[in-house]
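Novice: Have a look at this one.
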Amino acid sequence: MNQTLQTARSQKVGRRRQFSIAYYFDLILTLTQKEVKVRYKNNVLGYLWSIANPLASAMVFYFAFQIVFNSNVENYVIFLVIGLFSWQWFANYLIGACSVFLSNGSLIKRSIFPRFVLPVALDLQDTFHFFMSIPITLGFLYAYGITVGWSVPAGILLIMPAQFLLLLGLGLAVSSINLFFRDMERILSIALNMMFYLSPVIFPIQRVPAPYDSMIYLNPMTPLIEAWRGIFLKNTLHWDNIALAYLYAAIAMAIGVFVYRKLVHRFAEVI
């Protein structure tokens, strides 16, 4: 009898968990679709706007560093495009995540739902935009006669979750803190501007002099950018960079979840 009751309870808990997972999935999917529609609403060029900024920046940096300063970096246009697309995902998400709870204040006050789905949905939206930029990168590779190897699909499956988790952890932290410390958005803007020039987006990491060549790996975007370049330009999975990227992602998730759980119960009262 006791065994029958225990089995029935286990099945009931399992059904609840299944419903809960399905509920979260549906809620996140709905919010992601909403974010994508809002982003492109009344935009004639639509998808092209998501790639216009990094491509325009690539042209400017190419002129400045390859033509004017004669940096002599091989395939510098593709080098820039890969770094800029990865950086755009990073910067756009953090800027949006910083105010994601504030911009959905009315929803948080009127509805009962897990607040963390908002940064998750925003992260999925920016992941989608990055994924849609991959054909542009492949087009540049084809134009320059670079063969696309097996490492590209394998690398995408390995590296994309690492950057997604890194951003989600950072997003949970900055979005939660910004509700209580509204200067976070300005601080983040300055920090991102500094990080851009301290990341190997526009310069090869091999040209960073010692001892700064090891210090630059303290930047969580360094292993990600190097890993993306490895699969596209060298048809190689840089396992050391991928492992370091997941380490940073784990640290960011631990910090983000900790900060979020400490502050989430006060969200509605400070918005």
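Novice: Kindly provide the set of residues from the range 125-136 that are crowded, with 19+ Cβ neighbours inside 10 Å and either in contact (Cβ under 8 Å) with a residue 40 or more places away in the chain or assigned to a loop (DSSP other than H, G, I, E, B) (or both), ordered by number.
Specialist: Q125, D126, H129, F130, S133
Novice: Oh, and also: Considering only residues that are open to solvent by 40 Å² or more (accessible area, probe 1.4 Å) and in contact (Cβ under 8 Å) with a residue 24 or more places away in the chain, which ones fall in the range 191-221?
Specialist: M195, F203, Y217
Novice: Of the residues A143, A121, A162, which is of a type in the set (G, A, S) and surrounded by fewer than 16 Cβ atoms within 10 Å (Cβ to Cβ)?
Specialist: A143
Novice: Moving on. Checking the structure you have, find out if any residue of the range 224-236 is of a type in the set (D, E), buried (at least 17 other Cβ atoms within 10 Å of the Cβ) and closer than 30 Å to W150 by Cα.
Specialist: Within the range 224-236 (the criterion being of a type in the set (D, E), buried (at least 17 other Cβ atoms within 10 Å of the Cβ) and closer than 30 Å to W150 by Cα), the answer is yes, since at least one residue qualifies.
Novice: When you go through (1) of a type outside the set (D, E); (2) over 15 Å from the mean Cα position of the chain (by Cα); (3) surrounded by fewer than 20 Cβ atoms within 10 Å (Cβ to Cβ); (4) part of a helix (DSSP H, G or I) one by one for I112, which number turns out not to apply?
Specialist: (4)
Novice: Residues in the range 17-52 that are at pLDDT below 60 and open to solvent by less than 80 Å² (accessible area, probe 1.4 Å): how many?
Specialist: Total meeting the criteria: 1.
The values are calculated or read from the model by the stated rules, or taken from the named source; none is laboratory data. Being a predicted model, the structure only gives us computed values, none of them experimental. Cβ sites come from the backbone with ideal geometry, for glycine too, and all protein chains shown count toward neighbours. Please note that ligands, DNA and RNA were not included when accessible areas were found on the heavy atoms of the full protein model with its side chains. Shrake-Rupley method; radii C 1.70, N 1.55, O 1.52, S 1.80 Å.
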